[in-house]
2 protein chains.
Amino acid sequence: MSYENAIRSMGQKARRAARIMATAGSEARRRALEEAAEALGRAGDRIAQANAEDLKQAEERGISGAKLERLRLSEKVVGEMVAGLREVALLPDPLGEIVRMWRRPNGLRVGRMRIPLGVIGIVYESRPNVTVDAAALCVKAGNSVILRGGSEAFRSNRCLAGILRESLEKAGLPPDAVQLVETTDREAVLEMLKLEDSIDVMIPRGGEELIRFVAENARMPVLKHYKGVCHVYVDESADLAMARGICFNSKVQRPGVCNAMETLLVHEKIAESFLPPMAEDYRKAGVELRGCPRTRALAPECGAAVEEDWAAEYLDLILAVRVVDSMEEAMEHIAAYGSDHTEAIVTDNFERAHRFLEQVQSSLVLVNASTRFNDGFQLGLGAEIGISTSRLHAFGPMGVEELTTTKFVALGDGQVRT
Amino acid sequence: MSYENAIRSMGQKARRAARIMATAGSEARRRALEEAAEALGRAGDRIAQANAEDLKQAEERGISGAKLERLRLSEKVVGEMVAGLREVALLPDPLGEIVRMWRRPNGLRVGRMRIPLGVIGIVYESRPNVTVDAAALCVKAGNSVILRGGSEAFRSNRCLAGILRESLEKAGLPPDAVQLVETTDREAVLEMLKLEDSIDVMIPRGGEELIRFVAENARMPVLKHYKGVCHVYVDESADLAMARGICFNSKVQRPGVCNAMETLLVHEKIAESFLPPMAEDYRKAGVELRGCPRTRALAPECGAAVEEDWAAEYLDLILAVRVVDSMEEAMEHIAAYGSDHTEAIVTDNFERAHRFLEQVQSSLVLVNASTRFNDGFQLGLGAEIGISTSRLHAFGPMGVEELTTTKFVALGDGQVRT
C-alpha cells in the first residue's frame, strides 16, 4: 500500500490538531477565518494561476461545458468564498454551550455540553470552492478536517488549502487542522476510509457513485447526501393562487438542485380548476409534463408518465404529475417513491396540515411554502456543509452545530454510587 | 449467499413496520410494552424451558463460569426484564417534540421535530435479556429493530422475541417492528451489514472483536461501545476525605464494568497526605496497585507500573497510580492514554474544576463525583441501550432520545424563493 503511511500520518496529525482546536477558544478560530478571508482576497493572482493550470489540463483531457465551469474559480467565485469565510467567522460559537442541565435526586447536576466532533473527512468532486467552504465550517466548530478533492482541481485545491493553513498558523492554531490529501489516486481515499481511529466521520459530496463507494468502504460513520425526489401535494383545501406560486417556484426557480420538486400530487377535487392554468404556467416556462391519465385529461400537452417517472430525480425542467383521491394516497405515494428529502403540502385546512407535517418522514416537511427552502442558509442555520439524507446525527441541512456533538458533564459534591 | 434473501426480506419488513410505528401514536407503543411486561411475567415456564435447553447445550460445549451465568435467565433476571419494560413504557414519549422553533425574516416559521431513527440493527453476544431491554427502547422511540443475538442464547432469544411480537400485535402494532435473525451463522451478520437501505444504524454490543467486525463491514453508521480507560484526578485543592470516597467507589464498587476507574492521577502537593491512607483502603479491599516511582515511595506495597499499565482496561481489582506535577500533566496523561469514556476531577478550586470540565473531551466529565455515574439510569435518561464511544449522533449513555432524530418542519403562508 503505497499511500498507507502518508495517509495514516495525516490522520494522526489531524487528531493532534483536533485536540488543540477543541480548547483553543472562540476568538482564535474566528481570527483564523478572518485572516483566511483577507489572505484569499489578496491572493487573487496566485489562485488564478493555479486554477488556470487546472483548467488547461482539464481542457486537454476533453472536459468541457458545465463540468469545466464548475472547475473555474472566477473573480465572482473567489469573492463568494471570501464573503462566506467572513459570514462563518461571525456566526455564534457553537462550542461550550450547555444544551440542557438537570438535577438528580442525589444532588448531582448533570448537563450536556457542546464540543467538536473531532476529525472530519470530506471527499468531493470538481468544485474547488468546497475546499474553502467546507473547511471554514469545520474550523468554526473546532474540528480538524482532511480534504480530498477531485483530481482535476488539484492545483486549485492545493493553493486554497495552503492559504487556509497559513491563516490558521497566523491565528496561533495548528495548520494541520486543515489538510489536503495530495494524491489524486482513489487508493488514497480507500486508505482514508480505514482510519476509524483518526477520522470520526466522513462526508462525501458528489455523485451517487462516489457516495456509495465511501459508504461501502468506510469503517467510520458516513453522512450521506443522496438525491432529492421532492413532492408538492396540493390539497383539496388549497388556496389555488398560492398553490400555483409554490408549485411554479418549487419546479422552475432552479431545477438542477436536490430541493427542486420532481413530482406534483393534486387532489382530485381541485384538479379541474388547478391543473389547466398550472400546466399553462409550466408550458410558458418550458417545463415538460409527464402525467397520470387523469392529469392528461385536464392538460392536453402532458405526456404519459411511466412507472420510472414516479421515482425519477430529473434535475431538469421535467415534472411528473399525478391526481390523487386523498391526502392519504398522496402520503402513500411519497412513502413509496420519495427519497425522504423535501415534501410540501399546500392547504388551508389546519388538521390536514398538521397531519401531513407529523406523518411525512422527510428531512424537511413544509406547509404552504416552496420545497426550495431546504437549504441551510434559507432555514437560518447561517451556512451549510450539505443536506444529509442519513437519519443518524443530522437529517437535513447541516450547519455549524451539526459539526459538533455533546459530552455529558456532572457537578457533584462527593457523590458515589451505592 | 444462502442468507441473502432471508435477511433482505427482514430488512424490507422492518422498513415497512417502521413507517407504521413512526405514526402509530404514543398510546399504542406504551400499551405494547405493558402487554409485553405482563406476558413476560406470565411466561415464566416457557422462558425457563427455552433457557434450560440453551444452558444444557452450552454446558455440553464446555461453557462454564461467568459466561454460563450470563446466559442464565433466572427468576430474578426475568423480574428485572419485566420491571424494565414497565419503566420504559412509562417514560415520556420522545416523538413529536418540537425541540426548537424560530421565525425567518420572510415569516417562515422553522423548527425541528423529533422523529424515530427508523430501523435499528443490534448485534449482541451472550446475555439474552438484551433482547428485551434493547427492543423495548427501540419500540418506545417508534423504531423497528432487527436483533441478532449470540448463538448460545438462540432458544431463549427466540422465546423472548416471540413474546414481544405477540405483544405488539395485541396493541395493534406490526409484529415486524421486532424481528430476530434466526440463524446463528456469522454470514447472516455480514448480510445485515450490507442493508444500508433498510437499516439506518447498527449497534454492536459485545467484545472489541465483535465491534471491529461490525465497524469494518457495515455500510450504514455504527454506534460503537468500546472500552473505558477511566481516570480520577485528585487535585492539590481536593477535599481529601471526599477524594478517598470517590476514588474508592470508582475502583471498588463494581470493578468489572466500563465506567470503573483504571488509573488514579494524584497531584504531587497532596500525594504524601493522600496516597498512604488511600493505599491502605485499597489494600483492605484487595486492590492491587501498580504505580510510578513517586507513588511507590509513598505506598510500599505498590508494584511498578510499566508503559502498558497506563493504557490498560483491567476490569478487575487492579489500579494504575501516577503522581503528576500539575493538572495540565494529568490532562495530557488522559489525552495520551485514555479512551474518552469517563474522567473525574476532585477539587475545591472553582477555576480548575471548570477548566477540567471544558478541556477534557470524554463522554462524561465529572467534578467531585464517582466515575461509576456514567450510566443512563444514573444520569437520569430513564434507561440506556449502551454507552457510545462514537462521537457522532450520541456520545455517552444512549437513552430513548438517542434512538430518535429530528426532521425540519416549516410553516408558511405562501413563501417562495426569489
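Taking neighbour counts of Cβ atoms within 10 Å as a proxy for exposure, in what order, fewest first, do B:Lys76, B:Lys224 appear?
Working: B:Lys76 9, B:Lys224 23.
Fewest to most other Cβ atoms nearby, the residues stand as B:Lys76, B:Lys224.
Going out from 0 in 20 Å bins, what whole percent of all Cα-Cα distances in chain B drops into each bin?
24, 48, 26, 2
Give me the number: length gained by fully extending B:Asp281 to B:Glu4, i.e. 0.36 nm times residue separation minus the C-alpha to C-alpha distance, one decimal in nm.
Net length gain for the segment: 94.1 nm.
For chain B, how many pairs of lysine residues have a Cα-Cα distance under 16 Å, where the two are 8 or more positions apart or belong to different chains?
Lysine pairs meeting the criterion: 5.
Can you put A:Asp133, B:Asp413 in order of Cβ neighbours within 10 angstrom, beginning with the fewest?
Going from sparsest to densest Cβ surroundings: B:Asp413, A:Asp133.
Amide H of B:Val222: which non-local residues (sequence gap of 5 or more, or other chain) have their own amide H closer than 5 Å, using H built in the peptide plane?
Amide H to amide H, under 5 Å and 5 or more residues apart or across chains, B:Val222 pairs with B:Met202.
What are the ³J(HN,Hα) couplings of region B:377-383, residue after residue, when phi is run through the Karplus curve with 6.51, -1.76, 1.60 and θ = phi - 60°? Round to Hz, x for glycine and proline.
5, 5, 8, x, 7, x, 6
Return the average number of partner chain Cβ atoms within 10 angstrom of each residue Cβ along peptide B:400-413.
Mean number of neighbouring Cβ atoms from other chains: 6.
Which one, B:Ser26, B:Ser126, B:Ser64, has the greatest fluctuation when you compute a Gaussian network model over chain B with C-alpha springs under 10 angstrom?
Result: B:Ser64 has the largest fluctuation of those listed.
Within region B:47-91, report the GluC sites (Glu not before Pro) that DSSP leaves as loop and that have at most 12 other Cβ atoms within 10 Å.
Of the GluC sites (Glu not before Pro), not one in the loops of region B:47-91 has a Cβ with at most 12 other Cβ atoms within 10 Å.
Just the number, please: Stokes-Einstein D of region B:269-350 in µm²/s, Kirkwood Rh from C-alpha pairs, 20 °C, 1.002 mPa s.
On the way: Rh = 13.6 Å.
The Stokes-Einstein estimate is 158 µm²/s.
Is there a simple number for the mean count of other chain Cβ atoms within 10 Å of the Cβ of residues in A:359-366, and what is it?
6
What average count of beta carbons from other chains do you get within 10 Å of the Cβ of residues in A:379-392?
Partner Cβ neighbours, averaged per residue: 4.
Between A:Pro174, A:Pro293, A:Pro221, which gets the highest mean-square fluctuation from a Gaussian network model of chain A, Cα cutoff 10 Å?
Comparing A:Pro174, A:Pro293, A:Pro221 in the GNM, the peak value goes to A:Pro293.
When N counts the residues of region B:1-76, how does its alpha-carbon radius of gyration compare numerically with 2.2 N^0.38 Å, as a ratio?
The reported ratio for this selection is 1.58.
Distance between the C-alpha centers of region A:319-369 and region A:120-184? Whole Å please.
That distance is 39 Å.
Please order A:Leu379, B:Leu392 by the number of other Cβ within 10 Å, starting at the fewest.
Least to most surrounded, the residues fall as A:Leu379, B:Leu392.
Can you work out the PRE-style zone for B:Ala335? Point 7 Å along Cα to Cβ, and I want the residues of region A:19-36 with backbone N under 12 Å.
A:19-25
Can you give me the distance in nm between label points at A:Glu328 and B:Arg104, each placed 7 Å from the Cα along the Cα-to-Cβ direction?
3.3
How many nm separate the modelled label positions at B:Asp316 and A:Asp185, each set 7 Å beyond the Cα in the direction of the Cβ?
That separation, rounded to one decimal, is 4.5 nm.
How big is region B:1-149 along each principal axis, measuring the range of its Cα positions in Å and listing the largest first?
71, 41, 24
Between B:Ala83 and B:Ala297, what is the spin-label point distance in nm, taking each point 7 Å from the Cα along the Cα→C-beta axis?
Computed distance between label sites B:Ala83 and B:Ala297 equals 5.0 nm.
If amide hydrogens are placed 1.01 Å from N in the peptide plane, which non-local residues have theirs closer than 5 Å to the one on A:Ala383?
The answer is A:Val400.
Just from the alpha-carbon atoms, what are the Rg and Dmax of region A:230-378 in angstroms?
Expressed in Å, the Cα Rg and Dmax of region A:230-378 come to 13.5, 40.
Can you tell which of B:Met101, B:Met220, B:Met242 shows the greatest fluctuation in a Gaussian network model of chain B with Cα springs below 10 Å?
B:Met101
In Å and on Cα atoms, what radius of gyration and Dmax does the protein assembly as shown show?
Cα only, the protein assembly as shown: 28.4, 95 Å (Rg, Dmax).
Where in region B:394-418 does the amide nitrogen come within less than 18 Å of the point 7 Å from the Cα of B:Glu97, taken along Cα to Cβ?
Label zone hits: B:394-409.
Read the figures in this text as sums done on the coordinates, not as results from a lab. Note that the coordinates shown come from a computational prediction; the quantities given were computed from them, not determined experimentally. Because the Cβ atoms are built from the backbone with ideal geometry, glycine has one as well, and the counts that use them run over all protein chains shown.
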